[in-house]
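The values are calculated or read from the model by the stated rules, or taken from the named source; none is laboratory data. These figures come from a predicted structure and were not determined experimentally. Cβ atoms come from the backbone with ideal geometry, glycine included; neighbour counts cover every protein chain shown.
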Amino acid sequence: MNIVIIGAGPAGITCAIQLKRSGLDPVLMEKGKAGGLLHNAGRISNYPGFPEGITGSELGDRLKRQLDLHQVHVVNEAVLTVDHAEGTFTCKTRAKVYFADILVIASGTVPVSPGFSSPRIYTDVNDIRDKTNKVIGVIGAGDAAFDYALQLSRNAVTIFNRSERISAVRSLKNSVLDHPSITYKENHNLEATETRGEKIRASFSCGTKKSSHLMDYIIFAIGRLPAEHFMAGITGRLKQELMDRGALYAVGDVANRQFRQASIAAGDGMRAAMQIIFQIQNHERNTKNRTQYPGERFCSGR
């Protein structure tokens, strides 16, 4: 039974390790670094087993070591397309085609497009995390925006919230609002940006007023969408049918919308792995019984 898992975040890694422990040999495909978006998190304080918290990068590295320990087959390539025909999934990368009887989608999410284009604009904190003594604007008011602000606090950081509502958890909110290097501004709706050499000017509407800020960088954290662009050929009814019969699984952030937590993703991966294991065991048991007793369905018991 060929099993392919797309995405090596907490969900995909947990699923792969459990399958491997059960004697199966899945292929785990990851275009980037094992651990996924964990590497974007400054500190994770709600993952079981780490009472003092742990950085996202450290947790991601620990998961990678566990993959290596269990000798999981990892393919470091981006999946471009996935199709399904005659009971088989076809996963295409630039280099090769991989076939699977069972496919697990654990590809996580991608950032919502900011709608503005500039070489001074980012959506991934890793791209500017090492900057110091810069002026940086963060657009957003959720957990990611506030976490990014803390990670970038060796700079002069301003968070711009288009409304008055802060959706970040209380601990993050308090840490940010009390930080001397971080300024918080509400009711600031970004209207335009203009790149000026190594600077970027951002223009905001603030109710009936306008404001302008000159910065080195802007990072957007305005939401994320499921990363399933490669599944364009498997949608709607076909997707649901494949999931109903246990050929296709969607786990972790790609399926959980607003419930994007590492612990939830890991649990999803474990559950999917156990369902696949039981499914394969039942199939093998039924196949064995049919082989041993090919005429049993014709027996009347008399």
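Number of residues in the stretch 67-92 that are within 19 Å of the chain's Cα centre (by Cα) and in a loop (DSSP other than H, G, I, E, B) equals 5.
Being touching a Phe, Trp or Tyr at 6+ places or on another chain (Cβ under 6 Å) and either under 28 Å from ILE5 (Cβ atoms) or at pLDDT below 95 (or both) narrows it down to one of THR93, THR123, so name that one. THR123 is the lone residue from the list that is touching a Phe, Trp or Tyr at 6+ places or on another chain (Cβ under 6 Å) and either under 28 Å from ILE5 (Cβ atoms) or at pLDDT below 95 (or both). Taking the criterion of being touching a residue at least 12 places away in the same chain (Cβ under 8 Å), surrounded by fewer than 24 Cβ atoms within 10 Å (Cβ to Cβ) and more than 18 Å from ALA262 (Cβ to Cβ), the residues of the stretch 1-26 that qualify are MET1, ASN2, ILE3, VAL4, LYS20, ARG21, SER22, LEU24, ASP25. For the stretch 117-175, the tally of residues that are acidic (Asp, Glu) and more than 26 Å from GLY32 (Cβ to Cβ) stands at 1. Report yes if some residue within the stretch 94-114 is without any contact (Cβ under 8 Å) to a residue 12 or more places away in the chain and at positive phi; otherwise report no. No, the stretch 94-114 contains no residue that is without any contact (Cβ under 8 Å) to a residue 12 or more places away in the chain and at positive phi. The single residue among SER175, SER205 that is in contact with a strand residue (DSSP E or B) (Cβ under 6 Å, 6 or more places away or on another chain) and of a type in the set (Ser, Thr, Tyr) turns out to be SER205. For the stretch 27-36, a residue qualifies if it is in contact (Cβ under 8 Å) with a residue 60 or more places away in the chain and closer than 17 Å to CYS91 by Cα, and the qualifying residues are VAL27, MET29.
Within the stretch 53-60, the presence of a residue that is surrounded by fewer than 16 Cβ atoms within 10 Å (Cβ to Cβ) and either in contact with a Leu (Cβ under 8 Å, 6 or more places away or on another chain) or within 24 Å of PHE230 (Cα to Cα) (or both) is excluded. Only one of the numbered conditions (1) of a type outside the set (Lys, Arg); (2) surrounded by 15 or more Cβ atoms within 10 Å (Cβ to Cβ); (3) closer than 29 Å to GLY53 by Cβ; (4) touching a residue at least 40 places away in the same chain (Cβ under 8 Å) is violated by SER171, and that is (2).
Set side by side, the residues PHE230, PHE204 differ, and just one is surrounded by 14 or more Cβ atoms within 10 Å (Cβ to Cβ) and over 15 Å from the mean Cα position of the chain (by Cα), which is PHE204.
Screening ASP147 on (1) of a type outside the set (Gly, Ala, Ser); (2) touching a residue at least 60 places away in the same chain (Cβ under 8 Å); (3) in a strand (DSSP E or B) shows it passes everything except condition (3).
What strands (runs of 3 or more DSSP E) completely inside the stretch 211-302 contain at least 3 residues that are within 30 Å of VAL138 (Cα to Cα), out of contact with any Ser or Thr (no Cβ under 6 Å at 6 or more places or on another chain) and modelled with pLDDT of 95 or more?
217-220
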